[in-house]
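Here is the structure we will look at, set down as structure tokens.
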Amino acid sequence: MRKFIPTIIFSAILIAFVIQEHKERESEALTPATDQLAPATYRGLLPAADCSGIDYTLTLNDSIVGSDTLFALRMVYIDGNGAGLDATFDNHGRQQQITIGTRRGYHLISDDGDPDTYLQIINDSTLRMCDSTLTAPQSSLNYDLVRVVK
């Protein structure tokens, strides 16, 4: 019997490690990213060439690492149909968290075929419109969407 005690102890330790590894992998697959800024709503008035500006309201839904989830975007073109006449457009689709180098952000893929939108994560409360490489425009104009606290 004493011959089997070291084997039993070794087997118990090995099983404990396997169970712990399985739990860690399972929690990684199901836990939202720690840097996740969703679910949340972000808003900002961004510049536009054809009107006084575009009032963006973006809602990001819960995101699971490695999975696509949904977003809703409302764009109100201030005076887009003439003085005092705004034009409103709604867009829905899939959101993906992306990382390029040290930059993190979101890739928004429209359901209706509109061009993709990219947002760089600036901090816990700010997203910045950017290009597909998560590079922000070199401009003094505002391209930030700020988290709306409810």
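Just so you know, all these numbers are worked out from the coordinates, no wet-lab data involved. None of the values given here were measured: they were computed from a predicted structure. Here the Cβ is made from the backbone with ideal geometry for all residues, glycine too, and neighbour counts use every protein chain on show.
Below, the figures for the structure above:
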| quantity | calculated |
| --- | --- |
| Nearest-0.05 FRET efficiency for THR102 and ASP79, computed from C-beta distance (R0 35 Å) | 0.35 |
| Taking MET75, MET129 and counting other C-beta atoms within 10 Å, the order from fewest to most | MET75, MET129 |
| Relative pair counts by distance (%), Cα atoms of the stretch 40-147, 10 Å bins | 15, 46, 32, 6, 1 |
